[in-house]
Amino acid sequence: MISNYRELIAATKQEHEPQRLLFVFCRVELPDDANADERAAFERGEGGALSPVICVDKTPAEVADFSQLVDESRNTGQNWDVVFVAAMSGRGGVPPSSDEAQQPMTMMVESIRMGHVGNYLPLDVSGEAVDLG
């Protein structure tokens, strides 16, 4: 079980094939149609809906340190609360290209929008794994 970004990067180095990491940064928002109970829970820091605001793919070497990734995301001007991470394996010693990552990235964003996040590693702004249960 991976509990932080550092462990994620270490795990990618243990894989047989080179990896490409997919990142979807999300903001937690209160849905427009939220009822009073949902609004109260949101005020307590519970619930809310995940809204993807930034998507990017990188090789582990490009973002070996979580602070690099955070700095790059902050340069977009988008605030975020949680980043979901998935990995793609390369073939024949070659990591997947950004072009190859586009369709899986699109599917990842749609999956997150629908609330299906179990296949992804959620990390908070400090790079620690988050329990969304």
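Read-outs: derived from the displayed coordinates by stated rules, not from any lab. Values in this document were obtained by computation on a predicted structure and should not be read as measured data. Reconstructed Cβ throughout: ideal geometry from the backbone, glycine too, with neighbour counts over all protein chains shown.
Conditions (1) without any contact (Cβ under 8 Å) to a residue 12 or more places away in the chain; (2) out of contact with any Pro (no Cβ under 7 Å at 6 or more places or on another chain), marked per residue:
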| position | (1), (2) |
| --- | --- |
| VAL28 | no, yes |
| PRO31 | no, yes |
| ARG44 | yes, yes |
| ALA49 | no, no |
| VAL53 | no, yes |
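May I ask you to list the residues in the range 53-103 that are acidic (Asp, Glu) and either closer than 20 Å to GLU15 by Cα or assigned to a helix (DSSP H, G or I) (or both)?
ASP57, GLU62, ASP65, ASP71, GLU72, ASP99, GLU100
Do you know which of the residues in the range 1-29 that are among the aliphatic types (A, V, I, L, M) and over 22 Å from ARG74 (Cα atoms) is surrounded by the fewest Cβ atoms within 10 Å (Cβ to Cβ)? Don't jump to the end; show me each part of the working.
Residues of the range 1-29 that are among the aliphatic types (A, V, I, L, M), as a first pass: 1-2, 8-11, 21-22, 24, 28.
From what is left, the residues that are over 22 Å from ARG74 (Cα atoms) are 1-2, 10-11.
Details: MET1: 5, ILE2: 14, ALA10: 12, ALA11: 14.
Restricting to residues being among the aliphatic types (A, V, I, L, M) and over 22 Å from ARG74 (Cα atoms), the top hit is MET1.
Which of (1) surrounded by 12 or more Cβ atoms within 10 Å (Cβ to Cβ); (2) touching a residue at least 24 places away in the same chain (Cβ under 8 Å); (3) touching a strand residue (DSSP E or B) at 6+ places or on another chain (Cβ under 8 Å) does GLU72 not meet, given it meets every other one?
(2)
Looking at (1) over 29 Å from PRO104 (Cα atoms); (2) in contact (Cβ under 8 Å) with a residue 24 or more places away in the chain; (3) not hydrophobic (A, V, I, L, M, F, W, C), can you tell me which one GLU38 breaks?
(2)
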